[in-house]
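In what follows, a structure is listed as structure tokens, so that the remarks can point back to it.
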Amino acid sequence: MTISLWRQHVLPFTLLLGLLAAATLVGDYFLHRLNLVWVGRYLGIPGTLLIIASLIYSLRKRKYIKAGNPKSLLNLHELGAWLGSLMVLLHAGIHFNSILPWLATVAMGVNVISGMVGKLLLDRSRRHVQDSESSFNCAACHGRRWSNQCSGTR
């Protein structure tokens, strides 16, 4: 059974991006509603630190550091970058009075979108390799070059 492109790639991407936008809007609304706008001013630095800390995965992937499980570091990278981006977007707020916050928000959006596209491409390539390996193993099992159906018996 094949899953449609929409369900497999477009919908998760749209939901994650929409969740980030909704969390930013809701967070900013509650900060204003509870008279805690000043808290938003201090979310920029921790958000930036979370984004920087999420780069540990990239250092591990490029073998600059040897410690850590790549799979768990990838999960921490995704979570840290997402939460850090949310904090930075809350720091910027919904109302912009100059061009610099607009440019920073656009740059953050491009960065988040490219990271999410990378995540989906990584997942897709991983599935493609697994399908190719299973097809190769099936063909070797039956002594044929290609086999669409493999029952695992000779």
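Just so it is clear, none of the values below were taken in a lab; they were calculated from the coordinates. No experiment lies behind these values; they were computed from the predicted model shown. Heads up, the Cβs are rebuilt from the backbone with ideal geometry, glycines too, and the neighbour counts pull from every protein chain shown.
Counting other beta carbons within 10 Å of each Cβ, put Trp82, Trp38 in order, fewest first.
Arranged by neighbour count, lowest to highest, Trp82, Trp38 become Trp38, Trp82.
Taking 0.36 nm per residue of sequence separation and subtracting the Cα-Cα distance, how much length would be gained by fully extending the chain between Asn35 and Leu120, in nm to one decimal?
26.8 nm
Would you kindly compute the Cα radius of gyration of the chain and its largest Cα-Cα separation (Dmax), both in Å?
In Å, with Rg to one decimal and Dmax whole: 21.3, 71.
How compact is region 28-112 by the rule of thumb for globular proteins, expressed as Cα Rg over 2.2 N^0.38 Å?
In units of the globular-protein estimate, region 28-112 measures up at 1.27.
Taking K and R as +1 and D and E as -1, what net charge do the other residues with C-beta under 15 Å from the C-beta of Arg7 add up to?
Surrounding charge for Arg7 is +1.
Between Ile45 and Glu133, what is the FRET efficiency for a Förster distance of 35 Å, r being their Cβ-Cβ separation, to the nearest 0.05?
0.20
If r is the Cβ-Cβ distance from Tyr64 to Val110 and R0 is 30 Å, what FRET efficiency results, to the nearest 0.05?
0.75
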